[in-house]
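Student: Before I ask anything, let me first share the structure, which is written out below as structure tokens.
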Amino acid sequence: MTDKKKTTIILFSGDYDKTMAAYIIANGAAAYDHEVTIFHTFWGLNALRKDEKTQVKKGFMEKMFGKIMPRGADKMGLSKMNFAGFGPKMIKDVMKKHNAMPLPQLIEMAQEQDVKLVACTMTMDLLGLQKEELLDNIEYAGVAAYLADAQEGNVNLFI
Amino acid sequence: MTDKKKTTIILFSGDYDKTMAAYIIANGAAAYDHEVTIFHTFWGLNALRKDEKTQVKKGFMEKMFGKIMPRGADKMGLSKMNFAGFGPKMIKDVMKKHNAMPLPQLIEMAQEQDVKLVACTMTMDLLGLQKEELLDNIEYAGVAAYLADAQEGNVNLFI
Amino acid sequence: MTDKKKTTIILFSGDYDKTMAAYIIANGAAAYDHEVTIFHTFWGLNALRKDEKTQVKKGFMEKMFGKIMPRGADKMGLSKMNFAGFGPKMIKDVMKKHNAMPLPQLIEMAQEQDVKLVACTMTMDLLGLQKEELLDNIEYAGVAAYLADAQEGNVNLFI
């Protein structure tokens, strides 16, 4: 038990813009000296996928999900105005112009700031995602671990 | 006033996957001995609809909403990859394979664990939903009741 | 430091229904004597746009975003059942019938109740929105200011 403020974020969404918001808040809170956890569940797990293909054995449905879902943060679409992939390009262009950090770098920065990145094991099972396919140095847990963090949290968000 | 931890969830979304997340967190928190409230508003009210048709008198617009909106949790679509109803089937198939509890059972479990299920009366009015159409043993309240719970809450989420 | 309860809402979404939910909660919390902040970011900034066209100098991408995004709360679509703009009309019709306050009035009421309306400066930059295009009497801040409010908050939501 420390006296540090705590921020927890459930990242459910698999959209580039919402994931960006989650990581900007997380990095801000970490810089503000909060203990920060991002609990990735459902489509939010895609933010943790490695961008290269990984050799893992899977059933048919799991292969389907694996193919359909974006492989990593950089391949996600927007929650609004996605325009068949043109929207993310527009956003990335303006981000570059304004020197804003792209999402993969925001995730790296979070790891450097010791933001705890957690993958929800129950939804990993459902979507057929395996540890080999996800980023290194993340944690694996379920809803009980989330609640243990969140009930001590000052800022708890569902994104 | 008890010393119990409290979790409150506003369920605004009418998606199968988001509703599942809401009920998994709620059931987890109840098992963790929290007092838990799910406040169903807007499209989230559809999770509380009975799946059979109910005889109630309605105006034209209210009938339209009633027809268009899913009748109960099991008929909801996904927030992502819905694929005209194929997505929910995929999810339900993998859930079955992994022995995960389907949404209607998660709702029953919440009721058994005394999670307080509340229907927002203001949005019931707007969408023309009547008490006869919703599950038994739920409560009816407005934003003031939600805030009274949430301001004492340890974990407050909007889903 | 006051002993007042605090509510903070991040309004990320640019949907009419979600924005309505945000402002109903905010107005309720203000009536309940909470200090309330709505932090508008990404598509949520559109709720703060003036509905008339404003003469400002912009680059090409910024002009594009300006044209594509809804000019003010009243022009937003729904998160569900938008039906190419017919959905918002249906909702507004039933709201009128039930004497529910339309969104632009909910925003005015929030301002009268001293709800702090904040525009996220980082996403204003990204989307090319300028102060002249947004409502008067709002504040401008970034994620640090949000966190300073939220870490003292009793109810913190991401909508």
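The values are calculated or read from the model by the stated rules, or taken from the named source; none is laboratory data. Quick caveat: nothing in here was measured; it's all calculated off a predicted structure. Positions of Cβ are backbone-derived with ideal geometry, glycine not excepted, and every protein chain shown enters the neighbour counts.
Student: Is there a residue in region C:8-17 that is assigned to a helix (DSSP H, G or I) and within 12 Å of chain B (Cβ to nearest Cβ)?
Tutor: yes
Student: Could you count how many residues in region A:18-35 are more than 8 Å from every other protein chain (Cβ to nearest Cβ) and either under 20 Å from B:A21 (Cβ atoms) or modelled with pLDDT under 95 (or both)?
Tutor: The number of residues fulfilling the criteria is 4.
Student: Just name the residue that is surrounded by the fewest Cβ atoms within 10 Å (Cβ to Cβ) out of those in region B:63-73 that are part of a helix (DSSP H, G or I) and without any contact (Cβ under 8 Å) to a residue 40 or more places away in the chain.
Tutor: Step by step, filter region B:63-73, then rank; the result is B:K67.
Student: Can you tell me which condition A:M20 does not meet? The list is (1) aliphatic (A, V, I, L, M); (2) surrounded by fewer than 24 Cβ atoms within 10 Å (Cβ to Cβ); (3) out of contact with any strand residue (DSSP E or B) (no Cβ under 6 Å at 6 or more places or on another chain), and all the others hold.
Tutor: Of everything listed in (1) aliphatic (A, V, I, L, M); (2) surrounded by fewer than 24 Cβ atoms within 10 Å (Cβ to Cβ); (3) out of contact with any strand residue (DSSP E or B) (no Cβ under 6 Å at 6 or more places or on another chain), A:M20 misses just condition (2).
Student: Sticking with this one: Please find, among A:F42, A:F60, A:F12, the residue that is of a type in the set (F, W, Y) and farther than 19 Å from B:D15 by Cβ.
Tutor: After ruling out the rest, the residue left standing is A:F60.
Student: Starting from residues that are crowded, with 19+ Cβ neighbours inside 10 Å, farther than 26 Å from C:F42 by Cα and at the interface with another protein chain (Cβ under 8 Å from one of its Cβ atoms), keep the ones in region A:128-159 and report whichever is modelled with the lowest pLDDT.
Tutor: Filtering first and then ranking leaves A:G128.
Student: Quick check on my filter: what residues within region A:75-103 are more than 7 Å from every other protein chain (Cβ to nearest Cβ), in contact (Cβ under 8 Å) with a residue 24 or more places away in the chain and outside any helix (DSSP H, G or I)?
Tutor: A:M76, A:G77, A:L78, A:S79, A:P102
Student: Is it true that some residue in region A:42-54 is out of contact with any helix residue (DSSP H, G or I) (no Cβ under 8 Å at 6 or more places or on another chain) and at pLDDT below 95?
Tutor: yes
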